[in-house]
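Before any comments, here is the structure.
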């Protein structure tokens, strides 16, 4: 019996291919820090989170019913190319499928389902990052700098990310194999791990599974770096317990947003470098 917080998620108004992709993710959710159960259409009224395609009449109807409940569900409205949203949290279908687990985790936090008060009222765009969540309070500049562990054999990627993390106020360790990465984690814990999804023989995703099995590292955020930008590559990373996906070559803004989100899972706001917190609040 798991002691993780558990939440019921229901989906309405999405087409069959996207619904199948979501169902696949839910079959391999055991490594996530929250447990999510995908409910059937007859359970809309009792769901904690509703994902509704607002371009479809079924999705719009489910969204209206959720709003009318005495205890409204946290709602994610799936928006079209024009960006028009109509829910507490709006997101495009492509990003929802690629980053379903991180998005659900974030909604649980923002809506107070994990135990705290709700921090967002009204509409928001999930893909804008944590927003005001890191904006308040005085920075504790005397604290230890965040540290990331990069597992990648490409020297050009190492140099690129070392420069980027230096600009962010983050220290970086490197490893070129699974064994070396595990040694680094034992010697000096990291806040976030970034691993090359194309390490030979599937070594990268095997490493992610190994990390998830270790109690001391079970909650370590893991970000996959990959040249493969397909939904299948992202889903494979999620199955292995990875928290996020970044495409190579890595864009600085994408890296920045991803690292802010992942640090927010393991550090309090005052223990995140000021330049990261203030940039995320804009």
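Here, each number is a calculation from the coordinates, and none is a lab measurement. It should be emphasised that the depicted structure is a prediction, and the values quoted were computed from it without experimental measurement. Backbone-built Cβ (ideal geometry, glycine too); neighbour counts: all protein chains shown.
I need the peptides 243-251, 152-160 ranked by packing, meaning the mean over residues of other C-beta atoms within 10 angstrom, with the highest value on top.
Numbers: 243-251: 18.1, 152-160: 14.3.
Ranking the peptides 243-251, 152-160 by packing returns 243-251, 152-160.
Contour minus end-to-end for residue 218 and residue 144, with contour as 0.36 nm per residue of separation and end-to-end as the Cα-Cα distance? Each step should come with its number before you reach the end.
On the way: separation 74, 0.36 × 74 = 26.64 nm, distance 2.14 nm.
Result for the pair: 24.5 nm of gain on full extension.
Please give the length that would be gained between residue 209 and residue 20 if that part of the chain were fully extended, namely 0.36 nm times their separation in residues minus their C-alpha to C-alpha distance (nm, one decimal).
Result: 65.7 nm gained on full extension.
Compute the length gained on full extension between residue 179 and residue 229: take 0.36 nm times their separation in residues and subtract their Cα-Cα distance, giving the result in nm to one decimal. Please list the in-between numbers first.
On the way: separation 50, 0.36 × 50 = 18.00 nm, distance 2.68 nm.
Once the chain is fully extended between residue 179 and residue 229, it gains 15.3 nm.
Can you give the FRET efficiency for residue 247 and residue 56, using 1/(1 + (r/R0)^6), R0 = 30 Å, r = Cβ-Cβ distance, to the nearest 0.05? Kindly include the intermediate steps, with their values, before the conclusion.
Values: r = 29 Å, r/R0 = 0.97.
Efficiency, rounded to the nearest 0.05: 0.55.
7 Å from Cα along Cα→Cβ at both residue 37 and residue 167: what's the point-to-point distance in nm?
In this crude label model, residue 37 to residue 167 measures out at 4.6 nm.
Could you please state, rounded to a whole Å, how far the C-alpha centre of the stretch 217-261 is from the C-alpha centre of the stretch 5-24?
21 Å
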